[in-house]
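Remarks on the structure that follows.
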Amino acid sequence: MQRLSLTLRQDNVPLDLISLIKTILAATKEISFRVSQAHMSGLMGSTLDENIQGEIQKKLDVVANELFKDILLESGFVKAISSEEEDTSVAGNAVGKYIVSFDPLDGSSNIDINSLIGTIFSIHEAPEHMDANNPDMFKQSGDKQVCLGYVLYGPATMLVMTTGSGTHFYVLDRTHGGYLLVHRNVKIPEDTQEFAINMSNQRFWQEPMQNYIGDLIAGEAGVRDKNFNMRWIAAMVGDIHRVLSRGGIFTYPTDSKNPNQPHKLRLMYEANPMSFLIEQAGGLAMTTTGRIMDIEPTSIHQRVEVIMGSKNEVETCLSYFK
Ligand code: AHG
Ligand code: MN
Ligand code: MN
Ligand code: MN
């Protein structure tokens, strides 16, 4: 099996970006270890604090965030970071070439049940003319990401990453401490019989989404020519990993559960990096009005509706909104 650094060289990734990627991966290896030791280190359960998203933080959310933030800001490669767990962006090296957005632990509600969690990261070039303290640096569309991916702390610790030359799967080999390439240029099947949505929000969805999911559930007994199965891991990293591995449609649609917050998932930390991976693998990543990666962000903690996965199924879903 091929080492990650060789794959990056084959994909013509610039040397300074390779150095930043290695820094990020060093952080993920430490998080992977700390997650596995959390019971023994008193790191299970919640803190008493709420983050900027209005969520009670888990102890591991905080630990992973501090670790990721410190290692990136100390590296010298990074002009600023922004994180799901930080109120605003944090300045690093004024002449750093890159900015990094991240969700240090995705799937927090799975921590205490020893279920799937992961880390999502996204790298953009730093605008030279802006001050390192200026969060506006992060208002760049998903299309401008130069490298992004996630690490899944599952039965195997896996890295799924792209630098724009295809979505590749790697696995952490604990014997030598590095990531090895296990699947180059992953492709998502265009058709699927699997969907992922939090069904408990059904009554809060818009009518077209109610109709679409209703037709999936009706399967052959309704207007579709096949039956569907449902999966929900409650960690976007886990659900998207399944979609990349064997196809499917994943959606967190607009809902009216909380009128001030019609969307759940975050554009910078979740939707944009996952969209890039999905599109590089031949899938679609959309809102009901257009491509997620075309969105020009207005704030760093912006939320967005998400419909992504197997091409033909995403198109079918969107046809209900026309
Ligand atoms: P996070 O743990 O980083 O806050 O993200 C959780 C997100 C996402 O990973 C997942 O798809 C979704 O929230 C789960 O939502 P429900 O609580 O509605 O299942
Ligand atoms: Mn959270
Ligand atoms: Mn998340
Ligand atoms: Mn998170």
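The values are calculated or read from the model by the stated rules, or taken from the named source; none is laboratory data. For clarity, every value in this text was computed on a predicted model and none was experimentally measured. Virtual Cβ from ideal backbone geometry, glycine too; neighbours counted across all protein chains shown. Remember, those area values only see protein heavy atoms, side chains included, never the ligands or the DNA or RNA. Shrake-Rupley method; radii C 1.70, N 1.55, O 1.52, S 1.80 Å.
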Rounded to the nearest 5, the percent of DSSP beta bridges in the chain running antiparallel is 85 percent
Everything considered on the Cα gyration tensor (a ≥ b ≥ c; rounded for a/c under 1.5, else prolate if a/b is larger than b/c, else oblate), the stretch 1-115 must be described as oblate
Between Glu128 and His183, the two model label points (7 Å from Cα along the beta-carbon direction) sit apart by a distance in nm of 4.1 nm
Largest-first ranking of Phe33, Phe68 by accessible area, probe 1.4 Å, whole protein assembly kept, is Phe33, Phe68
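So what is the calculated 222 nm ellipticity per residue for the chain, using -39500 (n - 2.57) for each DSSP H run with n of 4 or more, over all residues, to the nearest 500 deg cm²/dmol?
Working: 7 runs with 87 residues, N = 322.
Helix contribution divided over all residues of the chain: -8500 deg cm²/dmol.
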Counting only protein heavy atoms with a 1.4 Å probe and every protein chain in place, the carbon and sulfur fraction of the accessible surface of the stretch 1-77 in whole percent equals 53 percent
One finds the C-alpha centres of the stretch 34-88 and the stretch 260-295 to be spaced, in Å, by 23 Å
In the structure shown, of Lys69/Lys97; Lys139/Lys311; Lys59/Lys79; Lys187/Lys226; Lys58/Lys139; Lys97/Lys144, the pairs separated by more than 18 angstrom at the C-alpha atoms are Lys139/Lys311; Lys59/Lys79; Lys187/Lys226; Lys58/Lys139
On the accessible surface of the stretch 154-305, probed at 1.4 Å with all protein chains in place, carbon and sulfur together account for a percent value of 48 percent
Inter-part gap, Cα centre of the stretch 224-247 to Cα centre of the stretch 105-183, in whole angstrom, is 20 Å
Within the stretch 191-258, DSSP-loop trypsin sites (Lys or Arg not before Pro) with at most 15 other C-beta atoms within 10 Å are Arg224, Lys226, Arg231, Lys257
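Just to confirm, what accessible area per residue do you get for the chain at 1.4 Å probe, in whole Å²?
I get 42 Å² per residue for the chain.
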Counting only backbone N atoms under 14 Å from a point 7 Å out along Cα-to-Cβ of Asp294, the residues of the stretch 265-288 in range are 285-288
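Could you order peptides 192-200, 81-89, 11-19 by the average number of other Cβ atoms within 10 Å of their residues, highest first?
81-89, 192-200, 11-19
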Val95 neighbourhood, Cβ < 14 Å, K/R = +1, D/E = -1, net charge -2
quick note, the stretch 1-117, DSSP beta bridge pairs, % antiparallel (nearest 5) is 45 percent
Relative contact order of the stretch 3-132 (C-alpha contacts under 8 Å, at least 6 apart) in percent is 18 percent
Here the gain from full extension of Asn114 to Gln37, 0.36 nm per residue of separation minus their alpha-carbon distance, amounts to 26.6 nm
For the stretch 180-288, shape from the Cα gyration tensor axes a ≥ b ≥ c, cut at a/c of 1.5 then a/b versus b/c, turns out oblate
